[in-house]
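The values are calculated or read from the model by the stated rules, or taken from the named source; none is laboratory data. Owing to the predicted nature of the structure, the values given are computational and were not obtained by experimental measurement. Every residue, glycine as well, gets a Cβ built from its backbone with ideal geometry; the counts of neighbours run over all protein chains shown.
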Amino acid sequence: MATFKAEVQNKRADGTYNVRIRVTHNREIRRMSTNLYVTGEDLTRSLKIKNVNITEKCDELIKKCRKVCNDLGFELFDIPIDELVAKIKKHLQGKDKFYLDFVQYTKNKASNMKKGTGDTYLNMLSALKRFVKREKLDISEINTNFLREFEQFIATEPSQRGNNRKKAKKEPEAKGGRAVSKYLACVRAMHNMAKEEFNDEDRGIINIPFSPFKKYKLKPQPKTRKRALPLALIQQIINLPYEKEIIGGRTNRFNLAKDCFILSFALVGMNSADMFYSGLPKKNIIIYNREKTEGRRDDGAEMRVRIESYIIKLIDKYRDDKKLFRFHRHYSNHAIFNAAINKGLKRIGKQIGAEDLEFYAARHSWATIARSSAVGIDKYTVHEGLNHASNKDMKVTDIYIDKDWTVIWEANKKVLGLFDWTFLNREF
């Protein structure tokens, strides 16, 4: 058993004495210097410390030394004194306290994610840094109260997009509920990942002991508003005359938006990211892994879409020799590409009377029309066509069933067969 005692020995040139902690362990003695100094007035004639303030501080230091011994348990009996002293010094200096910069840790993890997913985590970090008003955050600071305050900050902070970055005359709009649930979900995922990496329960190493998400419950994402367009409006988009292309090689956003919306709809709701990154088709089959969910799915979110005759000319208009489409030659990333499409769709929406038309409406519209009485596709086929993840019970069933892509292709053919494609193909 180790014992500890505060003492002074040699007088310094300036007339003071340094207080040291004497450590006795396995009949050996070592002394550790402290940051405490006393004068002759603080000592008795036999050099015992009599200053109450100093003795209280010494008692506190000794209490910390004993904590190290208690934490060692039975290991204390076999540990050499020099190793024990080294552990005590490390503890007194605060160097044994686990520290993890949550901001940097998240940055490192995000760098290895797919770009879209990684960007979501980086956006969360930007909000987090605005909340804490600094660049670093110890993971130990993340507790239930911290999460609630961060949630409130996200919900009330003005949107950082577009004109809201500048000082506007009108009151900037706050973020929607999706940002709250999405950002807090990112914090939870990173916190759980850190605990998995830095805790070892089998060995009793618990560097991150707290689990704030046991008490703090994520708010569910608000239900997505219905964005499906009726057949008549989609037909209007197909029949919209093209604008004159911009001189100088720049793409007309109106024309781009029209074509990409139709392509997405005709390719079973293909997302802009997948249109941007997907590789060359095999004959008339487009095979891709859905960017949004590839990393979260056992099947890699694989999707196969047959190109129907209605849109072959439109496919050819944007065909590339390296990827499915040549959009990657004109835009540096899919986010900029998607923004350009949505800007064009706002103009199209005004023309056809569809307020705030967005690219995702093509995907919603395909699903709605496929399920409608006009086509009558069963819900499971629509579910597979949209490449949504199966529920737990369905995942077990999927193990025994090979996916028949022709079911989805024939469903898509029925949907596209409802429209008149004459005007579109006449333009090429």
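Just one of the listed residues (Gly94, Gly40) is of a type in the set (Gly, Ala, Ser) and over 30 Å from Arg203 (Cβ atoms), namely Gly40. Within segment 62-92, being of a type in the set (D, E, K, R) and in contact with a strand residue (DSSP E or B) (Cβ under 8 Å, 6 or more places away or on another chain) holds for Arg66, Asp82, Lys89.
Conditions (1) modelled with pLDDT of 85 or more; (2) of a type in the set (Gly, Ala, Ser); (3) crowded, with 20+ Cβ neighbours inside 10 Å; (4) farther than 30 Å from Thr251 by Cα, marked per residue:
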position	(1), (2), (3), (4)
Ala339	yes, yes, no, no
Tyr360	yes, no, no, no
Ser365	yes, yes, yes, no
His383	no, no, no, yes
Ser390	no, yes, no, yes
Asp398	no, no, no, yes
Ile408	yes, no, yes, yes
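Between Met275, Met303, the distinction of being within 24 Å of Val415 (Cβ to Cβ), in contact with a strand residue (DSSP E or B) (Cβ under 8 Å, 6 or more places away or on another chain), part of a strand (DSSP E or B) and assigned by TED's automatic domain parsing to the domain that holds Lys414 belongs to Met303 only. For segment 202-221, state whether one or more residues are polar (S, T, N, Q), over 25 Å from Thr406 (Cα atoms) and at pLDDT below 90. Yes, some residue in segment 202-221 is polar (S, T, N, Q), over 25 Å from Thr406 (Cα atoms) and at pLDDT below 90. Counting the residues of segment 9-57 that are more than 23 Å from Glu83 (Cα to Cα), part of a loop (DSSP other than H, G, I, E, B) and of a type outside the set (D, E, K, R) gives 10.
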